[in-house]
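What follows is a short report on a single structure.
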Amino acid sequence: MASSSPAPLLRARPAFVLITYYFYNGREAVDHREPGTEHFAKRSAINLISSVPLSHPFLQAKHVCAVESEKWRVPSPFPSPSPHHSSPTQRCDGAKPACQQCIRAKKSDACEYDDGKGKTRTQLMREHITRLEMRIKELENHDHSSPSVTLFDPHAPSPYGSGSSSSSSHGSPGLISLPASASPTPFSHEMDSSWEQQWDGMTDFASTSQVSDPYNPSEEPPFELAQMLLEIFLPHRHQCGLDVHVGRLRDSLNNPLSERRHPVLMNAIYLWACYLSRPGSLSEHEPHYLSRTLAAMSDAIQYPSKVLDVIQASCLLSTYYLSNGRLFEGSYHATVAASLAVQFSLHQIGMDERTPQASADDWDSTFRLEPAKDTIERGERILTFWQVYNLDRCWSVALQRPSTIPDSDHPWTCISTPWPQRMEEYECGDIAIGTGSPTVRGFFILQAQNANMISGYSTVALRAKASALFEAANRLSSSWSTQVPSSNSFMENFRVLEHTISRFASTLLPLHQLAAATPEDKFTLIVIHCLAHASMIRLHFPFMESDTVSRDKCLRAARSLVLVSKHINDVDFDFLDPLVGPCWSSAAKVLESELVRLQTSWPPLNSMEVCGELGALVLAMSRLSTKFPLLAYQAAKVQNSLESK
């Protein structure tokens, strides 16, 4: 057996490195090893840690001299190709900020003092080694000691199995506590301290869970951490389409376990908080909260009362994936949210029943939400449906697939949920009851007839209407084919929809007045303007090459989108909906086509203006791509096209 030891030794090296990394972070490595080498690698890690003597300067000294510590090197468990280096013993003079020994050896960065103002690397290493020694004892005496990781029964009833649809969030704060030195100062909504500084004392929590672990409700973040992440997210909630009652969302962190929002929603919020912190240290924990959200989804989907949390979390997941260019996963979660919204009749809020005819099935009550307790809860359901609607209608165009939410004259598929209102209106009890009449189809009919609308003029309602126009324009133009002559009905629908888009765009707040709007309304209105102009492009784009009228209208809409991008301040890019990226891409395609036409004409026409407009779009898309990587690819394509011309 001894003669065959070198082979497993070599195979164990990469496993040893990974397992040592996991041990150092308080995690166990079970997936990065060769068969037959797990025991060897674990024992090597244990022997390495145990070989550090207590007299090591990193464990005892308040001042660690990098030169003196050379003689305390721990021998590697693997043979080294180079001879062991031994530095001559030198005494440290204790000079600050770095002693002379370290300065002469060009190791001043490794020379540190414990001045009592914070934990040094020495103290952090000492704490880690103490935890590792305890873990080693558990591994060696696992039959006689209690594990530091609490196990749970995956088949046990979830603590979130009862309560209203708005209940649930993270586990009890008492289950996971922070040391006193790691706790942030008492929380306030107007905190001036840096999120990064507060995070430094909390990073141990996220590193304790495996990405592949099943869902465990007791592993939710401590209260201080959950509150901090929530406050990071709230100013950006409209950026990813979530519109909830902020006060109730904050209060849910203090509610009893059964009355909190389900962790599937809360972890999706924490995921977005980390995502929005890029490139800060919080963003390193995106994989953790992504895995927690996906794991909590399997628990939440068991309880129909939690469907609102599931739908909202699915929308957040979809937007997260789409923004990062993971289109397949983003499309999947968007479809999940849309299907659940229709299954639970969120598209028909206000109707007492779907249809008067009898049903052969008795499952109807399974997919019915309990009546809303008040206007705020009812309003949140209405806002959730339109969140799903916007996601479904707009991204189905970008992904070139049919939308999921139906809207026809059939009693089961007609969208009759009232237009969304501001949350403040729901809070005051000023809520549209809903008549059961078609909402979206009624909007198209009334716009075509130049009728005055008596409702649906809130910013969130305009956002939903813009989504409807965007999808309708794409659906109608894509139904046209060169192989089939245009019918009279197609031409009539085309004319009516063009008029509807133009009339809708004319009712929007002018761009030069956006600065007077509230920040939330301003960012939403930017998206609405972009969708309105992109709708005109989508409607006319198939006819650009053959019809001069369609070309002129596409160019006018594309230049309007360029103008919108010029009204966006640098700070505004951090709050924009990622959907503006596909809108700008549509404008770029129109301008690229125009650039080719100008350069290939004889004599060649001046194309400097078009090049400048394309450059403005590339700049805007590049700025937005710092937050949403999906747009980096689109910006690069436009830039390459511009440079090749």
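The values are calculated or read from the model by the stated rules, or taken from the named source; none is laboratory data. The shown structure was predicted, so the numbers you read here are calculated from the model rather than taken from an experiment. Cβ: placed from backbone, ideal geometry, glycine included. Neighbour counts: every protein chain shown.
One table, with the values for the structure above:
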| item | result |
| --- | --- |
| Total residues in the range 404-436, condition part of a loop (DSSP other than H, G, I, E, B) and among the acidic types (D, E) | 3 |
| Boolean, A313 is among the small types (G, A, S), more than 25 Å from Y426 (Cβ to Cβ) and modelled with pLDDT of 90 or more | no |
| Residue within the range 612-621 that is touching a residue at least 12 places away in the same chain (Cβ under 8 Å), more than 27 Å from C274 (Cβ to Cβ) and either among the aromatic types (F, W, Y) or not in a helix (DSSP H, G or I) (or both) present | no |
| Options L282, L271, L276; residue that is under 15 Å from H236 (Cα atoms), crowded, with 22+ Cβ neighbours inside 10 Å and in contact (Cβ under 8 Å) with a residue 12 or more places away in the chain | L271 |
| The one condition in (1) among the hydrophobic types (A, V, I, L, M, F, W, C); (2) in contact with a helix residue (DSSP H, G or I) (Cβ under 9 Å, 6 or more places away or on another chain); (3) more than 12 Å from F444 (Cα to Cα); (4) surrounded by fewer than 19 Cβ atoms within 10 Å (Cβ to Cβ) that V496 fails to fulfil | (3) |
| Lone qualifier among S586, S593 - being touching a residue at least 24 places away in the same chain (Cβ under 8 Å), buried (at least 22 other Cβ atoms within 10 Å of the Cβ) and among the polar types (S, T, N, Q) | S586 |
| Filtered residue count, the range 301-331, keeping only those that are crowded, with 24+ Cβ neighbours inside 10 Å and touching a His at 6+ places or on another chain (Cβ under 7 Å) | 5 |
| Subset of the range 483-493 [within 17 Å of F444 (Cβ to Cβ) and out of contact with any helix residue (DSSP H, G or I) (no Cβ under 7 Å at 6 or more places or on another chain)] | S489, F490, M491, E492 |
| Residue satisfying all of: in the range 391-404; aliphatic (A, V, I, L, M) and crowded, with 23+ Cβ neighbours inside 10 Å; farthest from V440 (Cα to Cα) among these | V397 |
| Any hit, the range 620-633, residues being touching an Asp or Glu at 6+ places or on another chain (Cβ under 6 Å), crowded, with 17+ Cβ neighbours inside 10 Å and not charged (D, E, K, R) | no |
| Qualifying residue in the range 409-421 (condition: touching a Lys or Arg at 6+ places or on another chain (Cβ under 7 Å), at pLDDT below 95 and surrounded by 13 or more Cβ atoms within 10 Å (Cβ to Cβ)) | yes |
| Counted residues, the range 443-490 - those being modelled with pLDDT of 90 or more and either touching a Lys or Arg at 6+ places or on another chain (Cβ under 7 Å) or within 21 Å of E424 (Cβ to Cβ) (or both) | 16 |
| Residue identified as within 28 Å of S479 (Cβ to Cβ), more than 20 Å from the chain's Cα centre (by Cα) and either modelled with pLDDT of 90 or more or buried (at least 23 other Cβ atoms within 10 Å of the Cβ) (or both) among V342, V336, V388 | V342 |
| Unmet requirement for N488, which otherwise passes all of (1) within 32 Å of the chain's Cα centre (by Cα); (2) surrounded by fewer than 19 Cβ atoms within 10 Å (Cβ to Cβ); (3) among the polar types (S, T, N, Q) | (1) |
| Filter result for the condition that a residue is buried (at least 19 other Cβ atoms within 10 Å of the Cβ), out of contact with any Gly (no Cβ under 6 Å at 6 or more places or on another chain) and touching a residue at least 60 places away in the same chain (Cβ under 8 Å), over L579, L555 | L579 |
| Cβ pairs under 9 Å, 6+ apart, first in the range 303-316 and in contact (Cβ under 8 Å) with a residue 60 or more places away in the chain and on the phi > 0 side of the Ramachandran plot, second assigned to a helix (DSSP H, G or I) and buried (at least 24 other Cβ atoms within 10 Å of the Cβ) | none |
| Pair list, Cβ < 6 Å and 6+ apart or interchain, from the range 397-410 residues that are over 19 Å from W386 (Cβ atoms) to residues that are at pLDDT 95 or above | L399/S331 |
| Some residue of the range 506-522 being under 24 Å from P582 (Cβ atoms), modelled with pLDDT of 95 or more and of a type in the set (V, I, T) | no |
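Conditions (1) assigned to a helix (DSSP H, G or I); (2) β-branched (V, I, T); (3) farther than 21 Å from P578 by Cα, marked per residue:
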site	(1), (2), (3)
H236	yes, no, no
D243	no, no, no
G247	yes, no, yes
V264	yes, yes, yes
W272	yes, no, no
H288	yes, no, yes
L294	yes, no, yes
M297	yes, no, yes
Q302	no, no, yes
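Rundown of residues vs (1) surrounded by fewer than 20 Cβ atoms within 10 Å (Cβ to Cβ); (2) out of contact with any strand residue (DSSP E or B) (no Cβ under 9 Å at 6 or more places or on another chain); (3) part of a helix (DSSP H, G or I), yes/no style:
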residue	(1), (2), (3)
E545	yes, yes, no
V562	no, yes, yes
F573	yes, yes, yes
N640	yes, yes, yes
